[in-house]
Amino acid sequence: MYDFEYHKPKSLDDAAATLSQHEDFKLLAGGMSLLPALKLRLARYSGLVDLGALGQLRGIRREGDEIVIGAMTPHAEVADSAAVARAIPALAALAGGIGDPLVRNRGTLGGSIANADPAADYPAGVLGLGATVVTTRRTIAADKFFIGMFETVLEPREIITEVRFPIVEAAAYSKFRQPASRFALVGVFVARTRGGVRVAVTGAAPSVFRFKEAEEALTKQFDSTALDAITIAAAGLNSDIHASAEYRAHCVMVMTKRAVAKAANVPSPCNERGRVRQGATMSVNINTPSPGSSAGERGSTYR
Amino acid sequence: MPTVSMTVNGKRVSAEVEGRTLLVELLREHLGLTGTHVGCDTTQCGCCTVHLNGTGVKSCTVLAASCEGATITTIEGLATEGKLHPMQEAFREHHALQCGFCTPGMIMSAVDIVRRKGNDLDERTIREQLEGNICRCTGYHNIVIAIQSGAAAMKQSRPSGAPPG
């Protein structure tokens, strides 16, 4: 890791001022992605501005029909939060499936979505729930926030302060995780809202995206059979050593169906082991996972 | 170079570090606390696990400068008055190590599991919660047994169930 200047501002104003004085400074949240990138010299900054002293950016509260989570709140706090579990259990489960427990103790919501890793979990939750990202300058709808691989609309001196998640009728996150990295090979967040169904897909493409065809079908009929006639094109999806674009396209459908089944609290046509059993008789009760049934999938919940 | 001050295993320490100095480098190279190991150096193996303000973290991915004012517990700080911590004792009793390289991180992570999940742990919970720690001898079997036993022993030795650090 190349050396850098280290700053730990005591206030948001100080942090913003330090950033505005130095074009090449980067914000440090939990550091679970940034520090490894610096160590591998995949990134280099002349200074880091550590947000760790800004306690006001950490915390979870319910405000009316929203769960509001501070940008510096670690994943473990979201995963273990009774307020989140009551209001949006799918979000608590998503947070509880990120990385490993030691990473969840340190990594933060704000850091995750600012980094916008194409295989990260939180972007699917933020986009799937139609959350609002609040920054030092403005509020940004999730639909406008993620624009590409590791790319958001955040401006260089803009700092995320909190994310406001609307409480929806039902939601679930289904993730086929890459077992070594625990990132999503494909992860699908499904939310049934008063305005219709939202489906957000992470891990499959250069950026998290909404799966509009599935949304339309599920808005008409919130049942995984509504997806039987739908496929997603492999063109444009990620292809790498772990999975081809075709495999990911297949996984998107499987994970979407599983998420719908979980959100609707019915058995899935796609079993928990990763094989699709289209038209098959249900033989797996997803509410009583057997030991090891979570091997291919983390962060699931039932509602 | 910034100076950082923190409490490590109950002692106040100060050191001059670079911005890029990692917590594990501070512990091992500045303070001589070589019980905390560096395995993968990429946030995966958990050999470098320590407690930062009571919470388990991978010290290869924490900046030393970020720990200004913090309380750190390393494997050297678990034993009290010459007596092994119940989790250390359980690892000894159940021979929960082969080469021993991952052991400090396993024990620090195990104590963190008890903090988060309580003293009554089943095998599945332990295995899931141990995902951030890798034993390349693949000796998980006895590690899981030791953690189950150590967690229960921690309850007996500390009625509140509160782990140290």
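The values are calculated or read from the model by the stated rules, or taken from the named source; none is laboratory data. Small disclaimer: the values here were computed from a predicted structure and weren't measured. Cβ coordinates were reconstructed from backbone atoms using ideal geometry, including for glycine residues, and neighbour counts include every protein chain displayed. Areas reflect the complete protein model, heavy atoms only, side chains present, ligands, DNA and RNA absent. Shrake-Rupley method; radii C 1.70, N 1.55, O 1.52, S 1.80 Å.
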Condition first: facing another protein chain (nearest Cβ under 9 Å) and either assigned to a loop (DSSP other than H, G, I, E, B) or at pLDDT below 95 (or both). Now tell me which residues in the range A:34-47 satisfy that.
A:LEU40
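Any residue in the range B:137-156 that is within 12 Å of another protein chain (Cβ to nearest Cβ) and either outside any loop (DSSP other than H, G, I, E, B) or modelled with pLDDT of 95 or more (or both)? Explain how you work it out, then say what you get.
We begin by selecting, within the range B:137-156, every residue within 12 Å of another protein chain (Cβ to nearest Cβ); these are none.
No; the residues of the range B:137-156 include none that is within 12 Å of another protein chain (Cβ to nearest Cβ) and either outside any loop (DSSP other than H, G, I, E, B) or modelled with pLDDT of 95 or more (or both).
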Filter the range B:61-72 down to the residues that are open to solvent by less than 10 Å² (accessible area, probe 1.4 Å) and under 19 Å from B:VAL111 (Cα atoms), then identify the one that is farthest from the other protein chains (Cβ to nearest Cβ).
B:ILE72
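Any residue in the range B:126-134 that is open to solvent by 50 Å² or more (accessible area, probe 1.4 Å) and within 16 Å of B:HIS37 (Cβ to Cβ)?
The initial filter retains those residues of the range B:126-134 that are open to solvent by 50 Å² or more (accessible area, probe 1.4 Å), namely B:127-128, B:134.
Of the ones still in play, those that are also within 16 Å of B:HIS37 (Cβ to Cβ) are B:134.
Yes, the conditions are met somewhere in the range B:126-134.
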Every residue from the range A:93-111 that is basic (Lys, Arg) and either without any contact (Cβ under 8 Å) to a residue 60 or more places away in the chain or away from chain B (no Cβ under 13 Å) (or both)
A:ARG104
Of all residues in the range B:42-60, how many are closer than 23 Å to B:GLU18 by Cα, open to solvent by 10 Å² or more (accessible area, probe 1.4 Å) and facing chain A (nearest Cβ under 7 Å)?
2
Output for the range A:17-75, where each listed residue is under 17 Å from A:ALA131 (Cα atoms), open to solvent by 10 Å² or more (accessible area, probe 1.4 Å) and β-branched (Val, Ile, Thr)
A:ILE60
Within the bounds of the range A:222-241, is there any residue that is among the aromatic types (Phe, Trp, Tyr), crowded, with 20+ Cβ neighbours inside 10 Å and touching a residue at least 40 places away in the same chain (Cβ under 8 Å)?
no
